[in-house]
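Chemist: Take this structure first; my questions come after.
The values are calculated or read from the model by the stated rules, or taken from the named source; none is laboratory data. Remember, it's a predicted structure, so these values are computed and weren't measured experimentally. Note that we place each Cβ from the backbone using ideal geometry, even for glycine, and neighbour counts take in every protein chain shown. For accessibility, only protein heavy atoms count, side chains too; no ligands or nucleic acids. Shrake-Rupley method; radii C 1.70, N 1.55, O 1.52, S 1.80 Å.
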Amino acid sequence: MLEILANIFRPNPPSAKTAKERLVKVVIQERLKVSESQLNNLKHDLYQVISKYFDISQDSLELEIQDKNGHPALTVNTEVKPTS
Amino acid sequence: MGESIVITSGKGGVGKTTSTANISVALANFGKKVVAVDGDIGLRNLDIILGLENRIVYNLVDVVKKRCRTKQALIRDKKNENLFLLPASQVDDKSAVTPEDMKELCSELKEEFDFVIIDCPAGIEQGFKNALAGADSAIVITTPEVSPVRDADRVIGLLQHHEIPASLILNRLSVQMVERGDMMSREDVEDILAIKILGLVVEDQEIVNAGNLGTPAVLNQNSPAGQAYLRIAQRILGENVEIPSFEEKKGFLARLLGR
């Protein structure tokens, strides 16, 4: 019971979830042998390509390597507006 | 012909030597002829965990350099006549031995013993490569923390590269912390590492006691960790022993209602 109360009034949220999320990210990157700077370069190149077709801002372009059912997947996410 | 198993982790201090000692003692108690090989040349510790530190005359480097016969360097355990230790040298460094030396040594030992259990040094350099060279399979040790799991993933990758089949021991899991959501659970670690789990060892103060006394905890019926190593040894022997599941991640209401 005391433990439950301690949990309600604890100052920080449980940390295991954060640990897992951080690890999944770093482990996938390391398995693919891809560095943060390579990902930045890729992001820059993708921005150039997509810009030919859509009006996008570099800030809205998100690039992430995620785990999809045990396989690494490259996810690109960006807002698009038609070119004026 | 016996079987050689390397106990490895990448990260130091996660329980390689403790696991080597406990698995070796357990297998010997099940009647198997076992030799525990200390692969950590220059930083030997398997001798002191097994309580055999006062009996060392020759060591692994002496054997490899043919300064003695293999049998002369083997130390018989005080309690179990099936168990032997091949200690590491304390004065040489990792470069005193080559992967070829270890291959040769392991095949020689496999003729005499049912199990050759090799305690691998931390890191992924020469000592690691030596310890791997003569191994038929590997057991990777990790604790549920970010750096050991990351290093374990790296080591698993290297083992795959060397085509050495590997399984995992998740060591020093605190059920309380997992329940609080402050430690990754068995499922979390399995999700990340995607490797077959051989055993789950809970955090247990008896491990410190056992180290103090030089008597591995696997002999202590009151040690949860010791009992976990006993089950691990049974699984190594091909028995179908379930990994006990601990109540994890109970919801707030379930806790309140005591379910």
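Chemist: Which is farthest toward the positive dipole end of the protein assembly as shown among B:MET102, B:ILE236, B:PRO144, measuring Cα position about the Cα centre, with Cβ charges +1 (Lys, Arg) and -1 (Asp, Glu)?
Modeler: Working it through, the farthest residue towards the positive pole turns out to be B:ILE236.
Chemist: Continuing with this model, one more query. Based on the alpha-carbon gyration tensor of the protein assembly as shown and its eigenvalue square roots a ≥ b ≥ c, which shape applies: rounded if a/c is under 1.5, prolate if not and a/b is larger than b/c, or oblate?
Modeler: oblate
Chemist: Mind grabbing the accessible area of B:THR98 for me, 1.4 Å probe, Å², rounded to tens?
Modeler: It works out to around 50 Å².
Chemist: Chain B: longest stretch without exposed GluC sites (Glu not before Pro) (DSSP loop, at most 13 other Cβ within 10 Å), sites themselves excluded?
Modeler: Between exposed loop sites, the widest span is B:1-80.
Chemist: Can you compute the charge dipole magnitude of region B:3-256 about its Cα centre, using +1 on each Lys and Arg Cβ and -1 on each Asp and Glu Cβ, nothing else charged? Give it in debye, rounded to the nearest 20.
Modeler: 440
Chemist: Give me the residues in region A:22-71 whose solvent-accessible area, probe 1.4 Å, is reduced by at least 40 Å² once all protein chains are included instead of the chain isolated.
Modeler: Hits at the 40 Å² cut-off: A:LEU23, A:VAL27, A:GLU30, A:ARG31.
Chemist: Assign unit charges at the C-beta atoms only (+1 for Lys and Arg, -1 for Asp and Glu), then state the dipole size of the protein assembly as shown relative to its Cα centre in Debye, rounded to the nearest 20.
Modeler: 320
Chemist: Would you mind working out the magnitude of the charge dipole of region A:18-82 relative to its Cα centre, with +1 at each Lys and Arg C-beta and -1 at each Asp and Glu C-beta, to the nearest 20 Debye?
Modeler: The dipole magnitude comes to about 220 debye.
Chemist: May I ask you to derive the relative contact order of chain B, considering only C-alpha pairs under 8 Å and at least 6 residues apart, and to give it as an integer percent?
Modeler: Details: 528 pairs, mean separation 62.4, N = 259.
Computed over chain B, the figure is 24 percent.
Chemist: Run the numbers on region A:18-82 and let me know its relative contact order in percent, using alpha-carbon pairs under 8 Å that are six or more apart.
Modeler: Reported relative contact order: 30 percent.
Chemist: While we're looking at this one, here's another question. Quick one: what are the phi-derived ³J(HN,Hα) couplings along region B:80-90, Karplus 6.51/-1.76/1.60 with θ = phi - 60°, whole Hz, x for glycine and proline?
Modeler: Listing the rounded values in order: 10, 6, 7, 10, 10, 10, 10, x, 7, 7, 9 Hz.
Chemist: Please go through the residue pairs B:LYS66/B:LYS94; B:LYS11/B:LYS65; B:LYS65/B:LYS94; A:LYS33/B:LYS196; A:LYS33/A:LYS81; A:LYS20/B:LYS94 and name each one whose alpha carbons sit more than 25 Å apart in this structure. Walk me through the numbers before you get to the answer.
Modeler: Working: B:LYS66/B:LYS94 17 Å; B:LYS11/B:LYS65 29 Å; B:LYS65/B:LYS94 13 Å; A:LYS33/B:LYS196 23 Å; A:LYS33/A:LYS81 34 Å; A:LYS20/B:LYS94 34 Å.
From the list (B:LYS66/B:LYS94; B:LYS11/B:LYS65; B:LYS65/B:LYS94; A:LYS33/B:LYS196; A:LYS33/A:LYS81; A:LYS20/B:LYS94), the Cα-Cα distance tops 25 Å for B:LYS11/B:LYS65; A:LYS33/A:LYS81; A:LYS20/B:LYS94.
Chemist: Not counting ligands, DNA or RNA, and with a 1.4 Å probe, what is B:LYS78's accessible surface area in Å² rounded to the nearest 10?
Modeler: Result for B:LYS78: roughly 110 Å² accessible.
Chemist: With all protein chains present, how much of the accessible area of the protein assembly as shown (probe radius 1.4 Å) comes from carbon and sulfur, to the nearest whole percent?
Modeler: Of the solvent-accessible surface of the protein assembly as shown, carbon and sulfur hold 49 percent.
Chemist: Taking +1 at the Cβ of each Lys and Arg and -1 at the Cβ of each Asp and Glu, which of B:ASN22, B:ALA210, B:MET184 sits farthest along the dipole of chain B towards its positive end, judged by Cα position relative to the Cα centre?
Modeler: Working it through, the farthest residue towards the positive pole turns out to be B:ALA210.
Chemist: Between B:VAL208 and B:LEU237, 0.36 nm times their residue separation minus their Cα-Cα distance comes to what?
Modeler: Full extension of this stretch gives 7.8 nm more.
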